[in-house]
Amino acid sequence: MSSVAQRDQTERVRRIRFFGWGVVAGWAAAVLMVAGWTQAAAPRVLEPGQKPKDSRFGPLKDLNGYFPMQVCKTPEEWQQRAERLRRQVLVAAGLWPMPTKQPPNAVIHGRVDRPEYTVEKVYFESFPGFYVTGNLYRPKNRSGAGAAVLCPHGHWPNGRFYDAGEKQLAEQIKKGEEKYDPCGRFPLQARCVQLARMGCTVFLYDMVGYADSQQLAHRAGFRPEMNTPENWGFFSPQAELHLQSIFGLQTYNSIRALDWLSQLDGVDPKRIGVTGASGGGTQTFILCAADDRPAAAVRAVMVSTAMQGGCTCENANYLRIGAGNIDLAALMAPRPLGLIAANDWTKEMETKGFPELKAHYTMLGVPDRVALWAFLQFPHNYNYVSRSVMYPWMNRWLGLGQKEPIVEAPFEPLSNEQMTVWDGQHPRPQGGAEFERRLLRWWTEDAQRQLLALVPKDAQGLEKFRQIIGGAVDVMIGRRLPAQDQVEVVSLGAEDRQTYRLEKLLLRYKPAQEEVPALLLRPARWQNGRISLVLHPEGKQALFDAQGQPTPIIRDLVLQQAEAVMLVDLFGQGEFTDDGKPLQRQPLVSTGKEPWQAYAGYTYGYNHPLFSKRVHDGLTALAAARQPAIGAQKVRLWALAGAGHWGAALCAQAREALEEARLQTGQFRFRKLNELDHPDFLPGGAKYLDLPGILALAAPLRLIVEDETAADLEVVQAAYQAAGASDRVHIVPTAR
């Protein structure tokens, strides 16, 4: 044997003994020899043909599901829930951390003078080179700083330029939906004019791909030419791995619009309201969920326990896992919130959704700050009747001092030429594919600069690292270590096998109705109270040979170390599948045949990725190990090659529950994945310093990371040094 080979083998044995695992030097070969296993020979927990009774076998949840809200019992409980929900919104939007805010370089021009108000054309930069466009209405009958209102418009045809037409207006007037021409023909303008007459500065701004905002398509969907490892576009796997979406872009546009409006002369930043309908209602409640500055809001025909928003601009990965629009709307509390329902998906709000919001505001001591107006005689709208209840709400809560009733009056509408912000002196900015790539490249590089700056140098820096990167990983995984009363251990029999006892267990996570098949190998003389939880990429049966006996690596732990060993099937492995083989693809939700209807947010916005589900099962196993039925006092994690990345996330979420961990990562990196349905696809996985960022969250847990180099795990070493635990991490390259 060469000196290099001897040194490698010596290092392998040394690192194993560092953790007290006195496994023979040939353990790696033993692991690789499991290719000859047969499913029939491996012990099963359930009878052949049976699967765990697990809720995850049900159909995937989608935007048309049912999303009730569970009201918190105390303000303190809500405070914790609200922090988690707000973080979930920001992570989903790709705004955690917030992009580095650039000067808006706002341009205001083309003033149109009316007797009671003025209208101007506005454009400013949100992201570098991307422009938010709209019209600014200013009152003439006001002195000093006053209230303001942001008006996102929703999916009305042509957006800000919407014209209902004479025929539709006549029908609406006949049905009582509208009262006047031109208010009913130009309802978006009517809203802004009336609010300006009431003394508000009003900014009506475009959604992406509408009116003057033509740099990017609203819902382009997946495009093969934009799916590249570098310089990708929206809807691609890389964009999802970095949490970049049209939803996030629009949310950031709203935040930057609020920034700009707050600093505008004549605006009191503490008296800014927001109102929108349909997709504009989504933008309204998302802005108010992500930002605590809006003082009052009215969301029309959007918030409900039913359909959550059908457009790609209303969906994002992680956004509604464990939550729905009622929960997100509740983040407005205790600020005043008005809601309008119609004969659409909001029609049940009086009995489903609003009672919970009313109870929520009552629990917080402000029951008068939430209201619902249900106009079920009308279809989806923001018509005269709906607008007529919004005006007094803004009057009351923005302190406008207007005499009521407030009656919307006719006005002289603006033409498209009077509204458009682009002309010969203000040319339309560049858009298209190359611009889209540049935009996402800037977004990616800016996030990486901020996240690399978080690599900790001391204990304070480590805490900040955990807050930002750990906070994001917590959203992506979606679960921490279960409480003991949430987990149940069910024994399905046991057999004595000479020197150890083999027990068949179902580990139940009761809140989600999940079951994890597990085998516990307990030495005849088990005295040290230690259990090793072993994860294998093909499930527990891969750790038994063709005769149904544990492979050498497991026997050595049980016999030589006198340790108990727990082997589990994670979701999509072993007893979870028909043939015992791990899933090769994640199922995806598709809402139709168009490219945009296969958007990842329609799946991962409502359902945990398979990666996260497998980490959940690991968390269940960790909690179960300490149940009296099993009785572990110390738990060690061993994630073998192909499972090391799951083990890394498990350590990040439950490092306090582990004595030590040994992970074989195989240099796995999320950024190398290029398929939305890959079994390890984890939206956001590449953004937060990829797998090394997750591994760093394990500090100060005693940790061996195999198949990596120190140069690739500098962030891990920095985290351990900041924790004062440099000697508790060992990084071992792949053996030659």
What's the number of the only condition in (1) touching a strand residue (DSSP E or B) at 6+ places or on another chain (Cβ under 7 Å); (2) over 25 Å from Lys504 (Cα atoms) that Gln584 fails to meet?
(1)
Single residue of region 695-720 satisfying the filter (assigned to a loop (DSSP other than H, G, I, E, B) and in contact (Cβ under 8 Å) with a residue 60 or more places away in the chain) that is nearest to Arg449 (Cα to Cα):
Leu697
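Within region 412-437, take every residue that is of a type in the set (Gly, Ala, Ser) and either out of contact with any Gly (no Cβ under 7 Å at 6 or more places or on another chain) or under 15 Å from Ile108 (Cα atoms) (or both) and give me the one that is surrounded by the fewest Cβ atoms within 10 Å (Cβ to Cβ). It would help to see each step written out before you state the result.
So in region 412-437, the residues of a type in the set (Gly, Ala, Ser) come out as 415, 424, 431-433.
Filter once more, keeping what is either out of contact with any Gly (no Cβ under 7 Å at 6 or more places or on another chain) or under 15 Å from Ile108 (Cα atoms) (or both): 415, 424, 431-432.
On the way: Ser415: 10, Gly424: 5, Gly431: 18, Gly432: 11.
In this case the residue turns out to be Gly424.
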Could you list all residues from region 212-270 that are in contact with a strand residue (DSSP E or B) (Cβ under 9 Å, 6 or more places away or on another chain) and of a type in the set (A, V, I, L, M, F, W, C)?
Ala257, Leu258, Trp260, Leu261, Leu264, Val267
From the options Leu339, Leu328, residue that is part of a strand (DSSP E or B) and either touching a residue at least 12 places away in the same chain (Cβ under 8 Å) or under 25 Å from the mean Cα position of the chain (by Cα) (or both):
Leu339
In region 456-504, how many residues are among the β-branched types (Val, Ile, Thr) and touching a Lys or Arg at 6+ places or on another chain (Cβ under 8 Å)?
4
Boolean, Pro692 is without any contact (Cβ under 8 Å) to a residue 60 or more places away in the chain, closer than 16 Å to Arg466 by Cβ and part of a loop (DSSP other than H, G, I, E, B)
no
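Considering only region 181-276, give the helices (runs of 4 or more DSSP H) lying wholly within it that have at least 1 residues that are over 29 Å from the mean Cα position of the chain (by Cα). Talk me through it step by step, then tell me what you get.
On the way: elements: 187-197, 237-241, 246-262.
Ranges flagged: 187-197.
One line per residue, one yes/no per condition, for (1) at pLDDT 95 or above; (2) within 23 Å of Thr275 (Cβ to Cβ); (3) of a type in the set (D, E, K, R):
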| residue | (1), (2), (3) |
| --- | --- |
| Met98 | yes, no, no |
| Arg114 | yes, yes, yes |
| Val122 | yes, yes, no |
| Gly159 | yes, yes, no |
| Asp163 | yes, yes, yes |
Test each condition in (1) out of contact with any Cys (no Cβ under 9 Å at 6 or more places or on another chain); (2) farther than 23 Å from Gly144 by Cα; (3) surrounded by fewer than 22 Cβ atoms within 10 Å (Cβ to Cβ) for Arg219 and report the one that comes out false.
(1)
How many residues are farther than 21 Å from Arg114 by Cα, among the hydrophobic types (A, V, I, L, M, F, W, C) and touching a residue at least 40 places away in the same chain (Cβ under 8 Å) when one looks only at region 129-174?
3
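Which of the helices (runs of 4 or more DSSP H) found entirely inside region 555-670 contain at least 2 residues meeting this: in contact (Cβ under 8 Å) with a residue 60 or more places away in the chain, polar (S, T, N, Q) and over 29 Å from Thr709 (Cβ atoms)? Explain how you work it out, then say what you get.
Values: elements: 601-604, 610-625, 644-654.
Ranges flagged: none.
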Among the candidates Ala359, Ala316, Ala341, Ala330, which residue alone is in contact with a strand residue (DSSP E or B) (Cβ under 6 Å, 6 or more places away or on another chain) and not charged (D, E, K, R)?
Ala341
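The values are calculated or read from the model by the stated rules, or taken from the named source; none is laboratory data. Since the structure is predicted, the reported quantities are computational estimates derived from the model, not experimental observations. Glycine gets a Cβ as well: all are built from the backbone with ideal geometry, and neighbour counts include every protein chain shown.
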